Amino acid sequence: MKFIVSSNYLLKQLQVLGGVINNSNTLPILDNFLFDLKKAKLTVSASDLETTMSTVLEVDSDNEGTIAVPARLLLDTLKTFPEQPLTFVVADNNTVEISSNHGKYALAYADGAEFPKAVELSDPSSTTLMGDILASAINKTIFAAGNDDLRPVMSGVFFQFSPENLTFVATDAHKLVKYQRADVKASEVAEFIMPKKPLNLLKGILAGSETDVTIEYNESNAKFVFEDTELICRLIDGKYPNYEAVIPKENPNKLTISRNQLLSSVRRVSIFSNKTTHQIRLKIAGAELNISAEDIDYSNKAEERLTCSYQGDDMQIGFNSRFLVEMLGNLNSDEVSLEMSLPNRAGILTPTDGLDEGENVTMLVMPVMLNN
């Protein structure tokens, strides 16, 4: 088995696939890339049993064969090469020899047959959308997903497809983000929960991409296919909580303010907040928003006044500043509106501009009790 490939081209593809491989694997074979050569097409795969990703590379060869090559060793070697053709030759003594312009390097390989086979999806439904849309849906929601192992359904992003729109939801019970696209539709209703790891991989690859991504899914797995790459992952099992029930419908108090101004003010004031609660207080009266924080243990306090546009009753409400900073940082509008009903009910944060046609973002942040 022998093939010739450009060093930079190979490195670029392998770095993407390398994101799948865990630092400590239960099966030693998972520390490898699977190379499957069929004439001029080399399919490289990486897996952690939950997620398998493979991509097809164009190489110069007329051989066939499969081997598993140590991923870390190969990546570390490729990073040091300037752009040049590399020749891979599988030798008899169970090593694969790489020849560059200046030298030869031999790596021990494992039998490709030991590598776990990717799952075949039986009877899947499918939806196609643009890579960039999927990347921004992941970007806007993934930060709100939880990290609690006891509630695995909340540690992923909920995909809800229907003939009207596509909805993506993430929550950790303190904050919730619902991202909706009315400009993309599915042929039938479907719901599934995607784990974070494959989403982070997809987000990195698809940002700014105009490529179409086909998502196939059934009860237990989802598959994302684009260009020469496919990613298959196991879905999170379980029923997603009824998120619509926690979004307050009647919110008479509405505050509109510059996003950057609010973000930098909350960031500054929160430095003076209690280090365990991160509590900040929003006091709104007329066209004035007063943001304050106090850490009684250390006698630290801060207060800022901002002008805003506000319709509603004067009110005081407390928030965890970290959640507010995360949400404001994940929006890219110039202005945001915060709708509230009562100091003990969730606030709804939405961008007032900067959205694409058919794009809709709703962020929900739970208040914290204020001690007067």
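The values are calculated or read from the model by the stated rules, or taken from the named source; none is laboratory data. None of these values were measured; they are calculated from a predicted model. Here Cβ is always computed from backbone atoms with ideal geometry, including for glycine, and neighbour counts include all displayed protein chains. Surface accessibility is based on the protein's heavy atoms, side chains included, excluding ligands, DNA and RNA. Shrake-Rupley method; radii C 1.70, N 1.55, O 1.52, S 1.80 Å.
Whether a residue is closer than 15 Å to N260 by Cβ and among the hydrophobic types (A, V, I, L, M, F, W, C) was assessed, and L324 passes this test. The residues listed here are A170, A207, A118; of these, the one that is open to solvent by 30 Å² or more (accessible area, probe 1.4 Å), touching a helix residue (DSSP H, G or I) at 6+ places or on another chain (Cβ under 7 Å) and of a type in the set (G, A, S) is A207. Checked against the criteria, V96 does not count as open to solvent by less than 20 Å² (accessible area, probe 1.4 Å), aliphatic (A, V, I, L, M), in contact (Cβ under 8 Å) with a residue 24 or more places away in the chain and closer than 18 Å to T229 by Cβ.
Residues in segment 271-323 that are among the β-branched types (V, I, T) and modelled with pLDDT under 95: T276, T277, I296.
Scanning segment 121-130 for residues that are in a strand (DSSP E or B) and open to solvent by 40 Å² or more (accessible area, probe 1.4 Å) yields a count of 3. Is it the case that segment 215-228 has a residue that's buried (at least 20 other Cβ atoms within 10 Å of the Cβ), of a type in the set (G, A, S) and assigned to a strand (DSSP E or B)? Among the residues of segment 215-228, at least one is buried (at least 20 other Cβ atoms within 10 Å of the Cβ), of a type in the set (G, A, S) and assigned to a strand (DSSP E or B), which makes the answer yes.
With respect to the conditions (1) assigned to a strand (DSSP E or B); (2) within 30 Å of F323 (Cα to Cα), N139 lacks only one, and its number is (1). Return a yes/no flag: does segment 144-151 have any residue that is in contact (Cβ under 8 Å) with a residue 40 or more places away in the chain and open to solvent by 20 Å² or more (accessible area, probe 1.4 Å). Within segment 144-151 (the criterion being in contact (Cβ under 8 Å) with a residue 40 or more places away in the chain and open to solvent by 20 Å² or more (accessible area, probe 1.4 Å)), the answer is no, since none of the residues qualifies. If we scan segment 5-20, do we find a residue that is over 28 Å from V225 (Cβ atoms), within 25 Å of the chain's Cα centre (by Cα), open to solvent by 50 Å² or more (accessible area, probe 1.4 Å) and not charged (D, E, K, R)? No; the residues of segment 5-20 include none that is over 28 Å from V225 (Cβ atoms), within 25 Å of the chain's Cα centre (by Cα), open to solvent by 50 Å² or more (accessible area, probe 1.4 Å) and not charged (D, E, K, R). Output the residue which, of all residues in segment 275-300 that are surrounded by 13 or more Cβ atoms within 10 Å (Cβ to Cβ) and hydroxyl-bearing (S, T, Y), is nearest to P351 (Cα to Cα). Only one residue fits best here, namely S292.
Among residues of segment 242-274 being open to solvent by 50 Å² or more (accessible area, probe 1.4 Å) and assigned to a loop (DSSP other than H, G, I, E, B), the one that is nearest to L324 (Cα to Cα) is I271. Residues that are more than 30 Å from M194 (Cα to Cα) number at least 2 in the following strands (runs of 3 or more DSSP E) confined to segment 1-120: 2-6, 32-38, 64-70, 85-90, 95-99, 104-108.
For every residue, the table says whether it meets (1) closer than 20 Å to S220 by Cα; (2) modelled with pLDDT of 95 or more.
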position: P124; (1), (2): yes, no
position: G131; (1), (2): no, yes
position: F159; (1), (2): yes, yes
position: K175; (1), (2): no, yes
position: E188; (1), (2): yes, no
position: P195; (1), (2): yes, yes
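Tallying residues that are closer than 20 Å to A110 by Cβ and out of contact with any strand residue (DSSP E or B) (no Cβ under 8 Å at 6 or more places or on another chain) within segment 50-77 yields 3. Filter segment 173-204 down to the residues that are among the charged types (D, E, K, R) and more than 22 Å from L324 (Cα to Cα), then identify the one that is surrounded by the fewest Cβ atoms within 10 Å (Cβ to Cβ). Once the filter is applied, the top-ranked residue is E188.
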